[in-house]
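In what follows, a structure is listed as structure tokens, so that the remarks can point back to it.
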Amino acid sequence: MYLKHLTISGFKSFAKKGELEFSAPITAIVGPNGSGKSNVAESFRFVLGEQSTKGMRAKKGADLIFNGSDSTSRGNRASVSLTLDNSKRVFPVDFEEIVLERVVHRDGKNEYLINGSQKRLRDVQ
């Protein structure tokens, strides 16, 4: 199983869509204080189905959505998608790539998607 791509949109400090390509193996996330390193790490936990908002430094699901700034209005939803290479069939599905996505809405509703199809949390886990 290999990480290929991470897309973060509206999640915590990521007001706009941010994309990370993993063309080589990674072992660490580095950057200056305040650059969002912890938010990137938490986005992995989020998309994989973490249910503890406390574990993601939030009190409720709506706290995971970008809350606005002086120049940008607050978001109504946050989404994270993770693309995995499945060419070696680590997962028992007939897809070369698996895209996991989780969306949280300001009203607290969560959506879980696998390759664009809505699924249950249990299916993601």
Worksheet, complete the sentence: How many residues of region 13-57 are on the phi > 0 side of the Ramachandran plot and modelled with pLDDT under 90? The answer is 3
Worksheet entry | Extreme residue, surrounded by the fewest Cβ atoms within 10 Å (Cβ to Cβ), among residues of region 19-42 that are in contact (Cβ under 8 Å) with a residue 12 or more places away in the chain and more than 21 Å from ASN86 (Cα to Cα) | ALA41
Practice prompt. Give region 56-93 a look and list any residue that's open to solvent by less than 100 Å² (accessible area, probe 1.4 Å) and among the acidic types (Asp, Glu), or say none.
Written response: ASP63, ASP85
Worksheet item: If you go through region 94-105 one residue at a time, how many are among the hydrophobic types (A, V, I, L, M, F, W, C) and either within 19 Å of LYS37 (Cβ to Cβ) or open to solvent by less than 30 Å² (accessible area, probe 1.4 Å) (or both)?
Response: 4
Fill in: Selected residue [modelled with pLDDT of 95 or more, assigned to a strand (DSSP E or B) and farther than 20 Å from LYS4 by Cα] from GLU101, GLU111
GLU111
Practice prompt. Identify the residue in region 1-12 that is part of a loop (DSSP other than H, G, I, E, B) and modelled with pLDDT of 90 or more and, among all such residues, is most open to solvent (accessible area, probe 1.4 Å).
Written response: LYS12
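The values are calculated or read from the model by the stated rules, or taken from the named source; none is laboratory data. The structure displayed is predicted, hence computed values, not measured ones. Every residue, glycine as well, gets a Cβ built from its backbone with ideal geometry; the counts of neighbours run over all protein chains shown. Areas reflect the complete protein model, heavy atoms only, side chains present, ligands, DNA and RNA absent. Shrake-Rupley method; radii C 1.70, N 1.55, O 1.52, S 1.80 Å.
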